[in-house]
Amino acid sequence: MTLSLTINGTRYDIASDPDTPLVFVLRDELKLKGTKLGCGLEQCGACAVMVDGKVVLSCVSPVEVFESQEITTIEGIADTEIGQRVQQAFVAETAAQCGYCTSGLVVAAAALLSDDPAPDSDATKEALTPHLCRCGSHPRVLRAIERAATT
Amino acid sequence: MSLDAYPLVSDWLTPEADRLLIHTGKVDIGQRISTALVRIVQEELALPLSQVAIAPVRTGHAPDEGITSGSNSVEQSGRAVASAAATLRARVVALAVEQQGGDAADWVLEDGFVHRPCTNIRLSLIDLARDLPPDLPIDPDLPRHIPEQPPKPDMRGITEMVTGRFTFLHDLDLPGMWHARRISPPHAKATLQEIDRAAIDKAEAKGMKVVRDGSFIAVAGPREWDVVKAARSLGLACTWDLGGGFPETDVFAHLSAENAERFPVVDGTPQTAPVPAPLDAPDLSARFERPYQMHGALAPSAALAEWTGERLILKSHSQGIYPLREAIADSLGLSADQVEITHVPGSGCYGHNGADDAAFEAALIAMAQPNTPILLKWSREDEHAWEPFAPAMAVQVDVKLADGRIAAFSAEAHSDTHRGRPRPGPNRAGPAKLLANRFRAEAMDPYVSPPNMGTHAGMHRNLDPIYAFPEKRLVKNLVRGLPHRTSAMRCLGAVTNVFAIECSMDDLATQCGMDPIAFRQAHLTDPRASAVLQELARRLQDRGPKPDGTGRGIAYAQYKNAMTRVGIAVDVIVTDAAEVRLDHAIIVADSGRVVDPDGLKAQLEGGFMQAASWALCEEVTWDRDGITSRDWDSYPVLRFDNVPVMDVVILEGQDHPSVGAGEASPGPTVAAIANAIHDAAGLRLRRMPFNADALTQAALEM
């Protein structure tokens, strides 16, 4: 039986083994390389995607769990107005250095603002705590989310 | 240095199609050097962004600028590109005069054209540049041309990053490409006895290839997840000789003068001379320590390699593609011409991480599987356990006071080498520093680096205090034989040295009954340093008294005593759980002329955050079975739940040359946090990290 997934509004038949973690299916089979692999241990947030509107780390759970759910990757974030606002705010605040954590952070920020259009600073920090940034862009990322929330 | 070796305009700038291509040997590792270089060219030549591009940084094409390190990119590549652009500007204007008449002063550069105002004569700058002789030498003495309203290009790549379209090395996907993982030994002393044949057969039955050279083992195949699973199975199928276990050395006990090769340091430079006697009856005597810490890149190291049977084509996120090419060619018995390395970005590296090792390992796998591009990725555990760490370090400070001032200051640094990069050198230094060469059948011993005698290099970077003390006694103690492979990490010794000096300055200010800023000012002679501290004091005054329950600490340093000057103030809260919460930070910096103000702020902020993580969280741990800090749980780092409000103030120094800033803020950050903890809780923490265990222990010892 073939597995099928809905990603960024499109339905895909999946050939990968059902035990394959979602991130490998996205990157290797579907060539959606925006979702990053950072640890494979659900510890760093680089692989974050949205599943039915919630942030999910995609590097451990097998792809079969995501059947019949709506997956949004960084490539589909701009499909919503909130997603676009977050992306524009990250550019305006230059909220990245190397950029490896950025996909996951943009996804997390879009999910946060979809849930709570005006999060306070503590709520934003809590939502981002599963995500690592090693270049130290944290203050800029927080400013970008504040900007996206108020524009 | 860059200009001497590459003196022609065409070494740095060439017209190609409708664009001017910048050639640089410095790679962009998130420090935004490419944004700065584009901006320099845009400023000088008034070119629109669409007409400026950066050539791939590739061996055989790019200028050889050694390693991208030491906060030197703007000073070296930036200066060369600026001078090349100024020469090109003068020559295209001369060409316009030659072709269309008038004086040089009659022509202006505007939006990609050389234009004569009040006429309709507009000559394409790129076309004129194409007519210049290829051997046109750079005139390094031409004045820079800086427009009143300089261009403000977005950081290069930012739009691609936020949309997931930026290509990292890890994202490369060539036709016919295979993925690879290595199977790491349990620890550095282990050697492979055997692999269960059944595990190899199983991998090969699935179309994968197992590569073995001594104790170096890797597996490669067309599908990444299959390769990940096979690597795990093969790991379980290996029998290792553990060589008596990994040494459980008490490193801080070992970091002492008795175990060291010792050098007095004068004006930042180690001397081959007897070490002066210690200070007699010091008024302050304290030792400051930093454990082994890791670069901890967010993306584990990776490399792409293809062996054609004659040439080795590599893509790497190494900071030094030319030295790496030599080390790899030497390791494999190839000529340098047979090896081509192109830099492709990885995640931020903060120094010498596993990038170079991964490139060589990808090459070993590729040579066993010719004509197949091999994308090797280290696992998270590989990176945590096998990258070359920043060495543990200890600094002993002794000070004598007289009349409320410092009369004599002694600082002794102790650490293993910070020089682990695979640079060429005697005794095949390059190959010996590549990790896999320690495990191949023809194994090389770990390389013993000679002492670094450079000014403000290695462990003695910023050991020499910036203050004018009547007597200074500074000693470098190089200790070898420690358990871990070590190399360069952001700031090298400056972190522990500034931590030691600036915490001592605070305690000495207290002893002398003085305000910490006033006490520092009393010992400074550099007016620009004083201006930084004055501005810091002014900002603190504006902020008013520190909030209840917070502690405030300050620190000052000038990176290498020659680059960016930074003053930092931090407010922290020490919670009932003995955790340090960062509340507010002010960073005041003077970097001379600023090319990319937002990029400069980003570097200072990023340096603060990384150093705060070192200060509060990070420590490599191990036992006889090997490294135990193998993931982000066992090696915690600072996360978004502990980010202060941050104000960054740049003092305009337009009359002074640009100096690097990428490593300027970490040292003072660690010291300011330690001083703030002392102010908040009365605890003087002298060993990083200042985590809850350390604070609790310090409270118990009070």
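The values are calculated or read from the model by the stated rules, or taken from the named source; none is laboratory data. Fair warning: this is a prediction, and the values are worked out from it, not measured in the lab. In this analysis, Cβ positions are derived from the backbone assuming ideal geometry, glycine residues included, and neighbour counts consider all displayed protein chains.
For the stretch A:118-126, the count of residues that are among the aliphatic types (A, V, I, L, M), within 25 Å of B:Val637 (Cα to Cα), surrounded by fewer than 21 Cβ atoms within 10 Å (Cβ to Cβ) and out of contact with any Lys or Arg (no Cβ under 7 Å at 6 or more places or on another chain) is nonzero. If you go through the stretch B:168-185 and keep only what is in a loop (DSSP other than H, G, I, E, B) and more than 7 Å from chain A (Cβ to nearest Cβ), you end up with B:Leu172, B:Leu174, B:Pro175, B:Gly176, B:Met177, B:Ser184, B:Pro185. Of the residues contained in the stretch A:69-88, one or more are found to be within 10 Å of chain B (Cβ to nearest Cβ), touching a Leu at 6+ places or on another chain (Cβ under 6 Å) and in contact (Cβ under 8 Å) with a residue 60 or more places away in the chain. Cβ separations smaller than 8 Å between residues 6+ apart or across chains give no pair from the stretch B:680-702 residues that are assigned by TED's automatic domain parsing to the domain that holds B:Lys546 to residues that are in a loop (DSSP other than H, G, I, E, B) and of a type in the set (Ser, Thr, Tyr).
Before we move on, is A:Thr129 surrounded by fewer than 17 Cβ atoms within 10 Å (Cβ to Cβ) and either modelled with pLDDT under 95 or touching a Gly at 6+ places or on another chain (Cβ under 7 Å) (or both)? No.
Residues in the stretch A:12-37 that are part of a loop (DSSP other than H, G, I, E, B), more than 10 Å from chain B (Cβ to nearest Cβ) and closer than 16 Å to A:Thr72 by Cβ: A:Leu30 alone. Considering the conditions (1) surrounded by fewer than 18 Cβ atoms within 10 Å (Cβ to Cβ); (2) farther than 27 Å from B:Pro323 by Cα; (3) under 42 Å from the mean Cα position of the chain (by Cα), B:Val97 is excluded by exactly one of them, (3).
For B:Leu401, the conditions (1) in contact with a Cys (Cβ under 7 Å, 6 or more places away or on another chain); (2) under 16 Å from B:Arg325 (Cα atoms) are fulfilled apart from (2).
If you scan the stretch B:370-409, which residues turn out to be more than 30 Å from B:Leu314 (Cα to Cα) and of a type outside the set (A, V, I, L, M)? Once the filter is applied, which keeps residues that are more than 30 Å from B:Leu314 (Cα to Cα) and of a type outside the set (A, V, I, L, M), the stretch B:370-409 yields B:Gln396, B:Asp398, B:Lys400, B:Asp403, B:Gly404, B:Arg405, B:Phe409.
As a summary of the residue check, A:Phe66 satisfies the conditions (1) more than 9 Å from chain B (Cβ to nearest Cβ); (2) within 14 Å of the chain's Cα centre (by Cα); (3) aromatic (Phe, Trp, Tyr) except for the one numbered (2). Taking the criterion of being touching a strand residue (DSSP E or B) at 6+ places or on another chain (Cβ under 6 Å), within 14 Å of another protein chain (Cβ to nearest Cβ) and not in a helix (DSSP H, G or I), the only residue of the stretch B:222-247 that qualifies is B:Pro222. Taking the criterion of being touching a Pro at 6+ places or on another chain (Cβ under 9 Å) and among the hydroxyl-bearing types (Ser, Thr, Tyr), the residues of the stretch B:289-317 that qualify are B:Tyr292, B:Thr308. The residues of the stretch B:597-632 that are under 23 Å from B:Pro247 (Cα atoms) and within 8 Å of another protein chain (Cβ to nearest Cβ) amount to a single one, B:Asp631.
Tell me, which residue of the stretch B:622-655 that is among the basic types (Lys, Arg) and touching a residue at least 60 places away in the same chain (Cβ under 8 Å) is nearest to A:Ala95 (Cα to Cα)? Working first, answer last.
Here is the first cut: in the stretch B:622-655, the ones among the basic types (Lys, Arg) are B:624, B:630, B:639.
If we keep only those that are touching a residue at least 60 places away in the same chain (Cβ under 8 Å) too, we end up with B:624, B:630.
Numbers: B:Arg624: 42, B:Arg630: 28 Å.
Of everything passing the filter in the stretch B:622-655, B:Arg630 is nearest to A:Ala95 (Cα to Cα).
Suppose we filter B:Asp596, B:Asp590, B:Asp583 for residues that are among the acidic types (Asp, Glu) and under 15 Å from B:Ser530 (Cα atoms); which single one remains? Write out each step before concluding.
Details: B:Asp596 fails: under 15 Å from B:Ser530 (Cα atoms); B:Asp583 fails: under 15 Å from B:Ser530 (Cα atoms).
One residue alone meets the criteria, B:Asp590.
Considering only the stretch A:25-67, how many residues are without any contact (Cβ under 8 Å) to a residue 40 or more places away in the chain, surrounded by 24 or more Cβ atoms within 10 Å (Cβ to Cβ) and of a type in the set (Val, Ile, Thr)? Counting residues in the stretch A:25-67 that are without any contact (Cβ under 8 Å) to a residue 40 or more places away in the chain, surrounded by 24 or more Cβ atoms within 10 Å (Cβ to Cβ) and of a type in the set (Val, Ile, Thr) gives 1.
Only one of the numbered conditions (1) more than 30 Å from B:Pro666 (Cα to Cα); (2) not assigned by TED's automatic domain parsing to the domain that holds A:Asn8 is not met by A:Met50, and that is (2).
Return yes or no: is B:Arg165 part of a loop (DSSP other than H, G, I, E, B) and either within 30 Å of B:Arg438 (Cα to Cα) or not hydrophobic (A, V, I, L, M, F, W, C) (or both)? If you could, list the steps in order and put the result at the bottom.
On the way: part of a loop (DSSP other than H, G, I, E, B): yes; either within 30 Å of B:Arg438 (Cα to Cα) or not hydrophobic (A, V, I, L, M, F, W, C) (or both): yes.
Judged against the criteria, B:Arg165 is a match.
For (1) hydrophobic (A, V, I, L, M, F, W, C); (2) surrounded by 16 or more Cβ atoms within 10 Å (Cβ to Cβ); (3) in the same structural domain as B:Leu49 (by TED's automatic domain parsing); (4) in contact with a His (Cβ under 8 Å, 6 or more places away or on another chain), each residue gets a yes or a no:
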site	(1), (2), (3), (4)
B:Pro143	no, no, yes, no
B:Ile146	yes, no, yes, no
B:Gln149	no, no, yes, no
B:Asp154	no, no, yes, no
B:Gly157	no, yes, yes, no
B:Pro186	no, yes, no, no
B:Ala198	yes, no, no, no
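Screening B:Asp693, B:Asp679 for residues that are of a type in the set (Asp, Glu), in contact with a strand residue (DSSP E or B) (Cβ under 6 Å, 6 or more places away or on another chain) and farther than 30 Å from B:Gln76 by Cβ leaves exactly one candidate, B:Asp679. Within the span defined as the stretch B:242-260, one or more residues are closer than 26 Å to B:Ala358 by Cα and modelled with pLDDT under 95.
Restricting the stretch B:590-604 to residues that are touching a strand residue (DSSP E or B) at 6+ places or on another chain (Cβ under 6 Å) and crowded, with 24+ Cβ neighbours inside 10 Å leaves a set whose member that is nearest to B:Pro153 (Cα to Cα) is B:Leu604. The number of residues in the stretch B:229-257 being touching a residue at least 40 places away in the same chain (Cβ under 8 Å), surrounded by fewer than 21 Cβ atoms within 10 Å (Cβ to Cβ) and in contact with a helix residue (DSSP H, G or I) (Cβ under 8 Å, 6 or more places away or on another chain) comes to 1. For beta carbons closer than 7 Å, sequence separation of 6+ or different chains, a first residue in the stretch B:100-125 that is on the phi > 0 side of the Ramachandran plot and a second that is assigned to a loop (DSSP other than H, G, I, E, B) and crowded, with 19+ Cβ neighbours inside 10 Å, the qualifying pairs are B:Asp111/B:Ala46; B:Gly112/B:Leu47. Please specify each residue of the stretch A:125-151 satisfying the condition of being within 8 Å of chain B (Cβ to nearest Cβ) and of a type in the set (D, E, K, R). Hits for the stretch A:125-151 are A:Lys125, A:Glu126, A:Arg134, A:Arg140.
Can you confirm whether the stretch B:642-651 contains a residue that is in a loop (DSSP other than H, G, I, E, B) and more than 10 Å from chain A (Cβ to nearest Cβ)? Yes, the conditions are met somewhere in the stretch B:642-651. Evaluate the stretch A:98-120: report whether one residue or more is more than 7 Å from chain B (Cβ to nearest Cβ) and farther than 21 Å from A:Thr151 by Cβ. Within the stretch A:98-120, one or more residues are more than 7 Å from chain B (Cβ to nearest Cβ) and farther than 21 Å from A:Thr151 by Cβ.
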